[in-house]
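Quick notes on the structure that follows.
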Amino acid sequence: MIIAGNWKMFEGPDPGPLAERLEAFDEIDAIVCPPYTELAACVDAGLTTFAQNVHWEREGAYTGEISAPMLVALGVHGALVGHSERRQYFGETDSAVARRAHAALAAGLGVIACVGETLEERDSGDARMVISLQVAAIREETGAPDRLVLAYEPVWAIGTGRTATPELAQEMHAFIKSLLDRPVLYGGSVKPENAAELLVQPDVDGALVGGASLEIDSFVAICEAAARSRS
Ligand code: PEP
């Protein structure tokens, strides 16, 4: 079971104390995704550390980007790709996301590739079609390698306090696995109070946590719920 914390463009918790608290969870793969400025500190603290994005080229005139070999050189373990905030605010297309995933995997990094529908797409009955296209782009570019994990993040549930019901999460995770047989994390307002009911679903293989990963206690509480869900 994987519990990944996406700190977004926030400072996040102190890496040292967080790493100490996470030592208690042998059976959980806890991951942090800090801003770039905190990557080295998280690596040094012994945390499994993912960047929040990665470029498809090794180097080049791509101001503001970072490449997979650069992350490897820093000791970083992987990268998120395709987070909905990247898709929404920075125009990331399915094909750019897939290329990013491919480059990271080829460099030996792990990848959490995010997919999910907007509220309009859900309300118009297009959720499965949108997700099929997002997953197909990733599958065609990368295959289904071991270091690839997917995250189902309905856009309407991110940072809104609105969570998918456990039944909906289970249904969508099973659908995503039918397209690409890799672990699928759930993301969207996961908190200590709702983590257990989501994580107990058979096709929910972990969580991608935004807001609740910014405090050590709430992130650790979600890890505890994850440990209990499989015991
Ligand atoms: C996220 O950033 O991936 C996320 C799911 O955020 P939140 O948990 O705050 O909804």
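Values in this text are rule-based calculations from the coordinates and carry no lab data. None of the values given here were measured: they were computed from a predicted structure. Quick reminder, even Gly has a Cβ in these numbers, built from the backbone with ideal geometry, and neighbours come from all protein chains shown.
At a glance:
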| quantity | calculated |
| --- | --- |
| Choice from Val115, Val149, Val130 with maximal GNM fluctuation in the chain (Cα, 10 Å cutoff) | Val130 |
| Alpha-carbon centroids, the range 53-113 and the range 1-20: separation in whole Å | 19 |
| Normalised per residue, the volume of the convex hull around the Cα set of the range 94-169 (Å³) | 101 |
| Zero-based 5 Å bins, Cα pair distances in the range 82-214, whole percents | 2, 11, 22, 25, 21, 14, 5, 0 |
| Amide hydrogen neighbours beyond the local backbone of Gly110, cut-off 5 Å, H modeled | Gly78, Ala79 |
| Vicinal HN-Hα couplings computed from phi for the range 164-177 (Karplus, 6.51 cos²θ - 1.76 cosθ + 1.60; Hz; Gly/Pro x) | 5, 5, x, 5, 5, 4, 4, 4, 6, 5, 4, 5, 4, 5 |
| Alpha-carbon radius of gyration plus Dmax, which is the widest Cα pair, for the chain in Å | 16.2, 49 |
| Calculated [θ] (222 nm, deg cm²/dmol) that DSSP helices of n ≥ 4 give over the chain, each run adding -39,500 (n - 2.57) | -12000 deg cm²/dmol |
| Under 5 Å, built H, 5+ apart or other chain: amide partners of Ile31 | Ile3, Ala4, Gly5 |
| Residue order, fewest to most beta carbons within 10 Å, for Arg228, Arg128 | Arg228, Arg128 |
